[in-house]
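> Here it is, the structure, as structure tokens.
No lab work stands behind these numbers, since they all come straight from the coordinates. Values in this document were obtained by computation on a predicted structure and should not be read as measured data. Note that we place each Cβ from the backbone using ideal geometry, even for glycine, and neighbour counts take in every protein chain shown.
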Amino acid sequence: MGCGRVGSTLARSLEDRNHTVAVIDSEPDAFRRLGPGFNGEKVTGYGFDQQVLEKAGIKRADAFAAVSSGDNSNIIAARVAREQFGIQQVVARIYDPGRAEVYQRLGITTVATVKWTSDQVLRRLLPAGAEPDFRDPSGAIRVDHVTVPEVWVGHRTIALQAQSGARIAWIDRLGEGMLPDRDTVIQENDLLHLVMREKDASRVFRVIKDGPEEHA
């Protein structure tokens with residue numbers, strides 16, 4: 001639901017991945033954003049109207065995204081899709097971060113546009129470790145990406161994990177992602193994606209900064 005810049009881009013991206021897509025918008029002119037190459041359904045109406053959803057094929061759908069410009073419309077449409085039609089994969093774009101957290105706890109995946117944008121800017125302004133790339137809804141687990149300092153180059157990833165208490169989810173090396181094993185050695189310019197408990201973050205970043213212990 002929603003054929004603005006986000007909705008139209010999402011619809012084309014899904015179709016490019018060979019998914020069948022139906023787009024709902026209350027303004028027929030909005031469908032122009034889809035371009036002439038779009039082959040999916042275009043349904044004029046409100047995405048929280050059950051008849052409109054049925055016309056768009058909601059009963060055959062595997063997922064539903066509510067990405068219109070209105071928080072209330074997105075919330076209502078997401079709840080109708082989930083509660084009335086049993087769609088499990090439901091995502092709603094919410095501008096108000098406070099409301100987004102409430103609906104996240106109710107089981108509706110939300111994307112808080114303003115908070116996401118501000119968080120992205122914060123991560124690039126603040127020192128490493130100040131703000132994570134991701135924090136789970138409970139606030140207990142976080143994911144950070146860290147450029148390895150020179151003191152760790154040549155040491156095995158297993159040593160960094162053992163000493164810091166963090167886990168390396170994957171490594172970006174020379175533009176490619178790789179999964180480390182017990183024998184993986186850290187190289188210069190490696191970008192580590194670390195999973196850690198929030199309460200351990202200070203110790204993790206201290207260990208990374210200070211370098212490996214002498215006996216390691």
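> In whole Å, how far is the Cα centre of segment 12-28 from that of segment 166-180?
Centre-to-centre (Cα) distance: 33 Å.
> How do ILE208, ILE171, ILE24 line up, fewest other C-beta atoms within 10 Å first? Provide the component values of the computation, followed by the final result.
Numbers: ILE208 24, ILE171 20, ILE24 27.
Final ranking by Cβ density, sparse to dense: ILE171, ILE208, ILE24.
> Just from its helices, what would the mean residue ellipticity at 222 nm be for the chain, if runs of 4 or more DSSP H residues each count -39500 (n - 2.57) and the sum is divided by every residue, rounded to the nearest 500 deg cm²/dmol?
Values: 7 runs with 67 residues, N = 216.
The helix contribution divided over the chain gives -9000 deg cm²/dmol.
> Can you classify segment 134-179 as rounded, prolate or oblate using the Cα gyration tensor, where a ≥ b ≥ c are the square roots of its eigenvalues, rounded means a/c under 1.5, and otherwise it's prolate if a/b beats b/c and oblate if not? Could the numbers behind the result be given before it?
Working: a/c = 2.29, a/b = 1.45, b/c = 1.58.
Note, shape of segment 134-179 comes out oblate.
> Another question about this same structure. How tilted is helix 113-125 with respect to the longest principal axis of the chain? Cα atoms for both, answer in degrees (0 to 90, nearest 10).
So the helix axis and the longest Cα principal axis differ by about 20 degrees.
> By per-residue mean of other Cβ atoms within 10 Å, what is the highest-first order of 194-206, 72-84?
Details: 194-206: 15.9, 72-84: 20.0.
Descending mean neighbour count gives 72-84, 194-206.
> For segment 129-216, what class follows from the C-alpha gyration tensor (a ≥ b ≥ c being the square roots of its eigenvalues): rounded when a/c is under 1.5, otherwise prolate if a/b is larger than b/c, else oblate? Mind dumping the intermediate values first?
Working: a/c = 1.82, a/b = 1.30, b/c = 1.40.
Taking the square roots of the gyration eigenvalues as a ≥ b ≥ c, segment 129-216 is oblate.
> In addition: Could you work out how much longer the chain between GLN84 and HIS155 gets when fully extended? Use 0.36 nm per residue separation minus the Cα distance between them, nm to one decimal.
On the way: separation 71, 0.36 × 71 = 25.56 nm, distance 5.45 nm.
That pair, GLN84 and HIS155, stretches by 20.1 nm at full extension.
> Okay, next question. Under the rule of at least 5 residues apart or a separate chain, name every residue whose amide H is placed under 5 Å from the amide H of LYS42.
VAL23
> May I pose another question? Which of GLN161, GLY139, GLY45 sits farthest toward the positive end of the charge dipole of the chain, with +1 on the Cβ of Lys and Arg and -1 on the Cβ of Asp and Glu?
Toward the positive end, the furthest listed residue is GLY45.
> Using 0.36 nm times the number of residues separating SER138 and ARG206, minus their current alpha carbon distance, what extension gain do you get?
On the way: separation 68, 0.36 × 68 = 24.48 nm, distance 2.40 nm.
Difference between extended and current length: 22.1 nm.
> Among VAL102, VAL146, which comes first, second and so on when ranked by fewest other beta-carbon atoms within 10 Å? Walk me through the numbers before you get to the answer.
Values: VAL102 13, VAL146 21.
Taking fewest neighbouring Cβ atoms as first place, the list is VAL102, VAL146.
> Moving on. Which of GLU101, GLU150 has the fewest other C-beta atoms within 10 Å, and how do the rest follow up to the most?
Numbers: GLU101 14, GLU150 8.
Fewest to most other Cβ atoms nearby, the residues stand as GLU150, GLU101.
> Moving to a separate point now. In the set (i) 56, 38, 30; (ii) 47, 40, 32; (iii) 68, 35, 31, which value of Cα extents along the principal axes in Å was calculated from the structure you see?
(iii)
> Further, regarding this structure: Can you compute the equivalent ellipsoid semi-axes for segment 11-75, i.e. the square root of 5 times each eigenvalue of the Cα gyration tensor, sorted largest first and rounded to whole Å? Walk me through the intermediate numbers first.
On the way: eigenvalues 64, 41, 26 Å².
With the √(5λ) rule applied to segment 11-75, the semi-axes are 18, 14, 11 Å.
> Once every Cα of segment 5-119 carries one equal point scatterer and solvent is ignored, give the base-10 log of I(q)/I(0) from the Debye formula at q = 0.15, 0.19, 0.20 Å⁻¹, two decimals.
Log10 I(q)/I(0), no solvent term: -0.63, -1.01, -1.11.
> In debye to the nearest 20, how big a dipole does the chain give about its Cα centre with +1 on each Lys and Arg Cβ and -1 on each Asp and Glu Cβ? Don't skip to the end; give the middle numbers.
Values: 28 positive and 30 negative charges, 105 e Å.
Taking the Cα centre of the chain as origin, the dipole is about 500 debye.
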